[in-house]
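The values are calculated or read from the model by the stated rules, or taken from the named source; none is laboratory data. Being a predicted model, the structure only gives us computed values, none of them experimental. Here the Cβ positions follow ideal geometry from the backbone for every residue, glycine too, while neighbour counts run over all protein chains shown. In case anyone asks, the SASA skips ligands and DNA or RNA and just uses the protein heavy atoms, side chains included. Shrake-Rupley method; radii C 1.70, N 1.55, O 1.52, S 1.80 Å.
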2 protein chains.
Amino acid sequence: MQLNVSKKREELGSIIYDLIEKNNLSHSGIKITLTGGYSTDGYALAKPNLVISQHLFPVPTQENFEKGIKLITYSHQRQLPQVKTIDYVMAIWLQSLIKEKRADDVLYHTNGVITECPRANFFIVTKDDKILTPADNILKGITRMKVLELAASDYEVEEKQISINDIQNAREAFITSSTKRILPIVQVDDYRIGKGTSSVTSHLHKQLLALEKTHLLQMAE
Amino acid sequence: MQLNVSKKREELGSIIYDLIEKNNLSHSGIKITLTGGYSTDGYALAKPNLVISQHLFPVPTQENFEKGIKLITYSHQRQLPQVKTIDYVMAIWLQSLIKEKRADDVLYHTNGVITECPRANFFIVTKDDKILTPADNILKGITRMKVLELAASDYEVEEKQISINDIQNAREAFITSSTKRILPIVQVDDYRIGKGTSSVTSHLHKQLLALEKTHLLQMAE
């Protein structure tokens, strides 16, 4: 966003560690928000404020994983997709449609080319066990990166253009996000996807949980 | 935004009059913000909060009007343009480019078709004194509406598609907004527009100021 961050990377790290120690929460997330600062008209840029906060968040249960999620598609391109902002205007506006369609979330596309969910990345597993995820016009999340790394040791992975039609030929599909880890997609619009809880998604999910555990043990040492 | 407003229109009116009386400010604006409410994850919809605030704002001087403003064009379509939101992500991101080009604001277009500025509507005056303003994919501001009404008694006015090319054939161009009223545009990208302070823009500006005065006198009675 071309805003100036007043702290260095190392300083941020130590502030975050202090915060974690003081709050002593389990299963929580750190949110770092950089604002445009206090300006008289609420629009012009001023001295940015940096807010670091820690929030408890519920982790999906094994039941959530087994149930999977249903998505609807919607034509929309997020503005400045590569920047993590708190702009969820379109996603909020679509909540009533998502509810009406008894879905869990929305999957954005442009002319049939898939990008992402409002706060999660999208993957498919093809019939020949290739793992594909969109490459362009998305926010490349940390969990997306970790899953790509994990998957690369067991499968062929590729970041490439995925169309709505490709979903209909996919054997599995799933989303990734920091708060949701990996959740299988069982339906996109009217199309049911071969039970998403099956082999590949499940294998990656187990690997991600194991990576998380290893990381936590390393931190505790 | 499909959010529920807890107050009726009349209640809102009386709250605003109370606020104006208590604050006793001159040249100020009322900002009504409806939020998604307090939710545990800062995303899911909760009970909306309604915040009404009054802010002093500087009114453009006669000097500002005579100087006019310079715009740069940028390809972007605001999401949900018909809804007044506080999403100015793209406008904020463009501030450094606007500064670099020594411009005052940005004018959005899609494939050369003009829509609006981030917080203002756009008008041109053609060589035969027609007044044109975009009709679609914009926020139809109150000042835009008032100016269209005022202009209709003296000029031919039309809400229609305006292209970047049309600007080069325009005799005058101006923006309208609640805080800026009417400001002549003297340059768009590298194209200088016949001094915007000339006849039609100036005439409409005088009429708008007169309308404002009449309205204030009526309120004071």
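Can you confirm whether B:S53 is open to solvent by less than 70 Å² (accessible area, probe 1.4 Å), closer than 28 Å to B:L209 by Cβ and within 11 Å of chain A (Cβ to nearest Cβ)?
Criteria met by B:S53.
Mind checking which residues of segment B:156-170 are assigned to a helix (DSSP H, G or I) and over 20 Å from the mean Cα position of the chain (by Cα)?
If the condition is that a residue be assigned to a helix (DSSP H, G or I) and over 20 Å from the mean Cα position of the chain (by Cα), then B:N165, B:D166, B:Q168 are the ones that fit.
Let me confirm something: among A:V186, A:V200, which residue is within 16 Å of A:K127 (Cβ to Cβ) and not in a loop (DSSP other than H, G, I, E, B)?
A:V200
Looking only at segment A:157-184, filter to residues that are among the hydrophobic types (A, V, I, L, M, F, W, C) and farther than 15 Å from A:R119 by Cα; which one of those is surrounded by the most Cβ atoms within 10 Å (Cβ to Cβ)?
Here the residue is A:A173.
Would you check which residues across segment B:11-32 are open to solvent by 100 Å² or more (accessible area, probe 1.4 Å) and within 19 Å of B:I142 (Cβ to Cβ) and list them?
Matches in segment B:11-32: B:Y17, B:H27.
Does B:L71 satisfy being open to solvent by 40 Å² or more (accessible area, probe 1.4 Å) and more than 8 Å from every other protein chain (Cβ to nearest Cβ)?
No: the conditions fail for B:L71.
Tell me yes or no: at least one residue of segment A:54-72 is among the β-branched types (V, I, T), under 28 Å from B:A91 (Cβ atoms) and free of Cβ contacts under 8 Å to residues at least 24 places away in the same chain.
Checking segment A:54-72: not a single residue is among the β-branched types (V, I, T), under 28 Å from B:A91 (Cβ atoms) and free of Cβ contacts under 8 Å to residues at least 24 places away in the same chain.
If only one of A:L150, A:L139, A:L107 is assigned to a loop (DSSP other than H, G, I, E, B) and either within 17 Å of the chain's Cα centre (by Cα) or buried (at least 16 other Cβ atoms within 10 Å of the Cβ) (or both), which one is it?
A:L139 is the lone residue from the list that is assigned to a loop (DSSP other than H, G, I, E, B) and either within 17 Å of the chain's Cα centre (by Cα) or buried (at least 16 other Cβ atoms within 10 Å of the Cβ) (or both).
Answer yes or no: is there a residue in segment A:190-209 that is closer than 16 Å to A:I72 by Cβ, of a type in the set (A, V, I, L, M) and touching a helix residue (DSSP H, G or I) at 6+ places or on another chain (Cβ under 6 Å).
No, that holds for no residue.
Can you name every residue in segment A:75-96 that is more than 7 Å from every other protein chain (Cβ to nearest Cβ) and among the polar types (S, T, N, Q)?
Within segment A:75-96, A:S75, A:Q77, A:Q82 meet the criteria.
I'd like to verify a number: residues in segment B:110-129 that are touching a strand residue (DSSP E or B) at 6+ places or on another chain (Cβ under 9 Å) and either open to solvent by 60 Å² or more (accessible area, probe 1.4 Å) or of a type in the set (A, V, I, L, M) (or both), how many?
8
Which one of these does B:T35 not meet: (1) at pLDDT 90 or above; (2) away from chain A (no Cβ under 13 Å)?
Here B:T35 clears every test but (2).
Please list, ordered by first then second residue, the pairs with beta carbon atoms under 6 Å, 6 or more apart or interchain, first in segment B:81-95 and closer than 16 Å to A:P81 by Cβ, second part of a helix (DSSP H, G or I).
Close Cβ pairs satisfying both conditions: B:D87/A:V89.
Inspect all residues belonging to segment A:3-13 and state whether any of them is free of Cβ contacts under 8 Å to residues at least 40 places away in the same chain, away from every other protein chain (no Cβ under 11 Å) and touching a Ser or Thr at 6+ places or on another chain (Cβ under 9 Å).
No; the residues of segment A:3-13 include none that is free of Cβ contacts under 8 Å to residues at least 40 places away in the same chain, away from every other protein chain (no Cβ under 11 Å) and touching a Ser or Thr at 6+ places or on another chain (Cβ under 9 Å).
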